[in-house]
Amino acid sequence: MKKILLMLFALCITGVPFIAFAALTQKDFIGCSSYGCTYNIVWDGWKGYLTLGPDGKTGELTQSLPSGGPKYFAVRYKITLNPQDSVEGMQGPGNQKPSSLGHRIVFWVDFNNTPKNPKDDQRFDGYMMTQTKDAIAGVTWWNGIPFGFYAYNKTAPLI
């Protein structure tokens, strides 16, 4: 116990900041501009741009293909979720400790272009970085197999 108190005292007098976690808000995910936020996104090697619209529900994924111009896919999303929140029957990926940070995002991409059939949309489940609020990392599934993804805000430096 004495060692812990001495370490805390040393941290206080050396000026090392304590990291505080603040709950994220809708603005952290989509408040970049009046058009929402656009992220560079990579999922299992595929690359594109993910735009989360300002309405807090819909957006778009744009993918440039070598064989032609860009392809556009509809996106629907839910933000400021907690790991323990169930979204369409699933909690957040990983071992969850209940929190109220609101840093989870779930979004679905309609790669099949079937707007009347949301059941065939590909699900992405991730977490926003709570300190920098400029990147998201998580998991997606294709044919029941998990794959990683990451996305970072186009306007923020990567490092």
Flag if PHE107 is in contact (Cβ under 8 Å) with a residue 40 or more places away in the chain, in contact with a Leu (Cβ under 7 Å, 6 or more places away or on another chain) and not small (Gly, Ala, Ser): no
Taking region 31-79 and keeping only residues that are among the hydrophobic types (A, V, I, L, M, F, W, C), crowded, with 16+ Cβ neighbours inside 10 Å and part of a strand (DSSP E or B), one is left with CYS37, ILE41, TRP43, LEU50, LEU52, LEU61, PHE73, ALA74, VAL75, ILE79
Of the listed residues (LEU8, LEU24), the one being at pLDDT below 85 and under 14 Å from the mean Cα position of the chain (by Cα) is LEU24
Flagged in region 133-145 as in contact (Cβ under 8 Å) with a residue 12 or more places away in the chain and either in contact with a helix residue (DSSP H, G or I) (Cβ under 6 Å, 6 or more places away or on another chain) or part of a strand (DSSP E or B) (or both), in numbering order, are LYS133, ALA135, ILE136, ALA137, GLY138, VAL139, THR140, TRP141, TRP142
Filtering region 100-127 down to residues that are polar (S, T, N, Q) and within 19 Å of the chain's Cα centre (by Cα) yields SER100, GLN122
With criteria (1) modelled with pLDDT of 85 or more; (2) within 16 Å of PHE29 (Cβ to Cβ), LYS154 comes up short on (1)
Taking VAL87 as the residue in question, decide whether it is at pLDDT 95 or above and either small (Gly, Ala, Ser) or within 27 Å of ALA22 (Cβ to Cβ) (or both).
no
When restricted to ASN143, ASN112, the only residue surrounded by fewer than 17 Cβ atoms within 10 Å (Cβ to Cβ), within 19 Å of THR58 (Cα to Cα) and out of contact with any Lys or Arg (no Cβ under 7 Å at 6 or more places or on another chain) is ASN112
Look at THR130 and say whether it is polar (S, T, N, Q) and either closer than 16 Å to GLY89 by Cα or not in a loop (DSSP other than H, G, I, E, B) (or both). no
(1) touching a strand residue (DSSP E or B) at 6+ places or on another chain (Cβ under 8 Å); (2) at pLDDT 85 or above all hold for GLY45 apart from (1)
Matching residues in region 80-98 (over 18 Å from PHE29 (Cα atoms), touching an Asp or Glu at 6+ places or on another chain (Cβ under 9 Å) and either hydroxyl-bearing (Ser, Thr, Tyr) or in a loop (DSSP other than H, G, I, E, B) (or both)) number 2
State whether the residues of region 87-95 include one that is over 25 Å from LYS119 (Cβ atoms) and not acidic (Asp, Glu).
yes
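The values are calculated or read from the model by the stated rules, or taken from the named source; none is laboratory data. Bear in mind the structure is a predicted one, so any value in this text is a computation, not a measurement. Cβ coordinates were reconstructed from backbone atoms using ideal geometry, including for glycine residues, and neighbour counts include every protein chain displayed.
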